[in-house]
1. If we keep just the residues of the range 142-200 that are assigned to a loop (DSSP other than H, G, I, E, B) and among the basic types (K, R), which is nearest to R99 (Cα to Cα)?
2. Can you tell which of L185, L135, L128 is free of Cβ contacts under 8 Å to residues at least 60 places away in the same chain, within 21 Å of the chain's Cα centre (by Cα) and buried (at least 16 other Cβ atoms within 10 Å of the Cβ)?
3. Before we move on, is G141 surrounded by fewer than 14 Cβ atoms within 10 Å (Cβ to Cβ) and not basic (K, R)?
4. Regarding the range 99-106, can at least one residue be identified that is touching a residue at least 40 places away in the same chain (Cβ under 8 Å) and more than 22 Å from the chain's Cα centre (by Cα)?
5. Can you tell me which residue among A326, A344, A288 is assigned to a helix (DSSP H, G or I) and either at pLDDT below 90 or in the same structural domain as F206 (by TED's automatic domain parsing) (or both)?
6. How many residues does the range 228-256 contain that are in contact (Cβ under 8 Å) with a residue 60 or more places away in the chain and either assigned to a strand (DSSP E or B) or among the polar types (S, T, N, Q) (or both)?
7. State whether the residues of the range 209-227 include one that is in a helix (DSSP H, G or I) and under 15 Å from V305 (Cα atoms).
Amino acid sequence: MGAGCGAGKTAVPAGGEPYKAEVQLDVGTTTTKPADKPDDATANELKANENDTPGTQLAKCMGNLEYLRRELLTNPTPDRKTAIDEEMKARKATCKKLRGEGVVPEPGVCVFNQVDVNKTRKLDKRSLERLVKSLSSAYAGKEMETAEDIMTTLDADKSGDIDITEWCTRIPQCPKFYAVLQEDLDPDWGKLRSYRTLEDQLAKLFGNIHRLEARIAAGETGMVKGKKEEFNIEEELASRKDQAAKMREKGVFPAPGIVMFTQLDDDKSRTLEKEELQAALAKVAPDADVDAWYKKIDTEGTGKVTEPQWVANIKKIPELVSALMADTNPDTGLLKSLFSGVGAPPRPRVRGADARGAPPGAGRAPHGRARDV
């Protein structure tokens with residue numbers, strides 16, 4: 001393991017062997033091919049060894065947990081699900097122990113898995129440029145190497161893309177970029193705060209699909225006005241639906257927190273009032289202590305909740321996250337309890353979806369953030 005993943009001298013290996021998938025894909029056909037299984041290079045980076053520093057141990061443990069979470073969303077067999085649950089429990093205990101000791105994960109495997117949105121196990125220049133742009137916006141006062149310079153440094157074999165080994169072993173050679181990654185990494189979740197996860201992207205994508213469908217239903221057609229430029233609304237809608245279908249094929253589940261916030265935030269104010277949020281939560285989880293939940297979300301007691309505040313604080317309420325996931329239709333990005341039944345407004349499905357909302361497989365997953373429409 002190179003320096004990029006924090007190889008050092010102390011620490012006993014943690015987390016055991018790298019994750020191995022044994023799943024059946026639920027996309028219309030059954031297959032023995034593992035879904036989102038780490039390739040050999042990734043498995044090697046995730047494997048514990050005696051030279052790992054605590055930071056590397058934590059990063060690897062978080063990386064393995066990420067693959068296990070994704071496998072749970074692909075309908076594993078009952079026996080496999082039991083094994084996954086047991087392994088996740090053990091890995092979570094390891095992560096909790098290391099975090100309790102003040103260990104911070106190295107931005108090697110964790111960041112690579114998050115940025116590799118298409119799960120090709122390689123980062124092309126466009127993906128890198130998107131990452132650098134996101135970080136530059138969040139850290140305007142920080143100096144960083146350019147995407148061009150980073151690409152030149154990390155792409156050791158000059159193949160035109162960066163594999164996980166190149167990323168982990170060479171990233172310290174871009175010290176300014178590496179420092180920003182370390183600063184932006186959430187130590188409790190192993191995710192960059194300023195970069196959307198696949199789940200976040202899909203939830204936002206569904207939100208844009210719903211808004212486009214609403215505009216078309218209201219009579220808009222052809223070239224229409226966007227925030228920055230005009231675009232063809234039918235072509236944009238078809239592209240977004242294809243992107244969503246491709247991501248669902250890969251087992252991506254839309255982030256339930258963003259799904260709920262997007263559905264309630266019809267005016268795109270990025271803020272929800274206490275009353276409307278509590279009313280929605282009561283529908284999602286009728287037996288829950290909604291008042292107690294709300295106090296953990298609106299920690300300052302302002303009576304309003306912003307989107308970043310909501311997304312960050314629901315992580316502290318695992319029962320709420322579980323309830324939202326159980327209530328979310330992953331193929332439409334809609335909460336069943338809020339938008340179904342008598343009098344509920346009709347909501348769009350992914351193009352070609354059947355009566356249950358299951359999308360067809362087509363298109364490609366997005367590299368960047370979706371344009372707001």
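1. Step one: filter the range 142-200 for residues assigned to a loop (DSSP other than H, G, I, E, B), giving 142-146, 155-160, 174, 187-190, 193-197.
So of that shortlist, the ones also among the basic types (K, R) come out as 142, 158, 193, 196.
Details: K142: 27, K158: 37, R193: 18, R196: 23 Å.
So the residue we want is R193.
2. Working: L185 fails: free of Cβ contacts under 8 Å to residues at least 60 places away in the same chain; L135 fails: free of Cβ contacts under 8 Å to residues at least 60 places away in the same chain.
That would be L128, the only listed residue that is free of Cβ contacts under 8 Å to residues at least 60 places away in the same chain, within 21 Å of the chain's Cα centre (by Cα) and buried (at least 16 other Cβ atoms within 10 Å of the Cβ).
3. Numbers: surrounded by fewer than 14 Cβ atoms within 10 Å (Cβ to Cβ): yes; not basic (K, R): yes.
So G141 fits the description; yes.
4. The first filter runs over the range 99-106 and keeps only residues touching a residue at least 40 places away in the same chain (Cβ under 8 Å), leaving 99, 101, 103-106.
Checking the rest, the ones that are also more than 22 Å from the chain's Cα centre (by Cα) come to 101, 103.
Scanning the range 99-106, I find at least one residue that is touching a residue at least 40 places away in the same chain (Cβ under 8 Å) and more than 22 Å from the chain's Cα centre (by Cα), so the answer is yes.
5. Working: A344 fails: assigned to a helix (DSSP H, G or I); A288 fails: assigned to a helix (DSSP H, G or I).
Answer to the selection: A326.
6. 3
7. From the range 209-227, those in a helix (DSSP H, G or I) are 209-217; that's our starting set.
Still in the list and also under 15 Å from V305 (Cα atoms): none.
Looking for residues that are in a helix (DSSP H, G or I) and under 15 Å from V305 (Cα atoms), one finds none in the range 209-227, hence no.
So that you can scan it fast, the table gives a plain yes or no per residue for (1) at pLDDT 90 or above; (2) buried (at least 20 other Cβ atoms within 10 Å of the Cβ); (3) in contact with an Asp or Glu (Cβ under 6 Å, 6 or more places away or on another chain):
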position	(1), (2), (3)
E199	no, yes, no
N208	yes, yes, no
R215	yes, no, no
G222	yes, no, no
A244	yes, yes, no
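The values are calculated or read from the model by the stated rules, or taken from the named source; none is laboratory data. Note that this is a predicted model, so its numbers are computed, not measured. A quick note on method: Cβ atoms are made from the backbone with ideal geometry, for glycine too, and the neighbour counts reach across all protein chains shown.
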